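Only one structure is covered here, and it is reproduced in the block below.
The values are calculated or read from the model by the stated rules, or taken from the named source; none is laboratory data. Since we're looking at a predicted model, the values are computed, not measured. Here the Cβ positions follow ideal geometry from the backbone for every residue, glycine too, while neighbour counts run over all protein chains shown. With ligands, DNA and RNA removed, areas are computed over all heavy atoms of the protein, side chains included. Shrake-Rupley method; radii C 1.70, N 1.55, O 1.52, S 1.80 Å.
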Amino acid sequence: HLVTGQVLTMLLGVVFSAALGRTLGASDFGLYFVISSFAAFALVVVDWGQQYFGIREVARVPQRGGELLGTGLVLRALGTALVCLPTGLSAWALGYDRRTIAFAVAFVALNLPLFLAQNFGVVFRGRDRMGLDATVSVTNRAAGLVLALGALGLGLGLGGVMVAQGLAGMAALAVALRL
């Protein structure tokens, strides 16, 4: 299931990147990848091994799944809020303009729903339910592609693509909650 999910998310990601590259133009296309790099780094710092610890603990003691999931969700939500300011300060210290700084901070915040949805993977993987984890990932990527294409079609530009990614994360979170 994980391999199939990885292949599907990769293919959807290629289509997503192609659509962005063709529609946003070189400047905003590059800016998207700068801000997504800021967000990815910030959220890796927030996770800091939680996922691997959680998976191991759920596999060892499945009854702790709810406790570990709840704790992880709180830590991820608080951690995301806390890294927004350092993300903006880092972008500022590196000499980026105000738009880039604002987009970097906003993109960290807009990634919170997906970041929360990914935490459900702790329980899914710990209980050897890899298909559920893959379903959440593919849902996010597919919804992100559809919503981003809609935003681009409406002429909403990079801001619309960012909001589309946040909404896709909400869809993934809804699926994770349902599963």
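Structural remarks
- Rg ratio (alpha-carbon, reference 2.2 N^0.38 Å) - segment 134-179: 1.14
- On Cα atoms only, tilt of 50-60 relative to the major axis of the chain in degrees: 20
- Mean-position separation - Cα centroids, segment 99-113 and segment 129-150, in angstrom: 20
- Computed over segment 27-174: relative contact order in percent, which uses C-alpha pairs under 8 Å that are six or more apart: 28
- Structure-based [θ]222 nm, the chain - -39500 (n - 2.57) summed over DSSP H runs of at least 4, per residue, nearest 500: -30500 deg cm²/dmol
- Here the gap between residue 109 and residue 53, fully extended at 0.36 nm per residue and compared with their Cα-Cα distance, gives a gain of 17.7 nm.
- The simple Förster model, with R0 at 22 Å and r as the Cβ-Cβ distance, assigns residue 40 and residue 67 a FRET efficiency of 0.20.
- Think of segment 59-179 as having a plus end and a minus end, set by charges on the Cβ of Lys, Arg, Asp and Glu; of 131, 90, 109, 131 sits farthest toward the positive end of this dipole.
- Springs between Cα atoms under 10 Å define the GNM used for the chain, and in it the highest mean-square fluctuation of 61, 34, 46 occurs at 61.
- What the Kirkwood sum gives for segment 76-135 is a hydrodynamic radius of 13.0 Å, with every pair of different alpha carbons counted.
- Taken per residue, the accessible surface of the chain reaches 53 Å², heavy atoms only and a 1.4 Å probe.
- The ellipsoid equivalent to the alpha-carbon distribution of segment 1-80 has semi-axes of 33, 18, 8 angstrom, derived from the gyration tensor eigenvalues as √(5λ) and listed largest first.
- Within the accessible area of the chain (1.4 Å probe), percent carbon and sulfur: 68
- The chain: mean projected area of Cα convex hull, nm²: 9.7
- For segment 55-155, the orientation-averaged shadow of the C-alpha convex hull comes to 7.9 nm² (one quarter of the hull surface).
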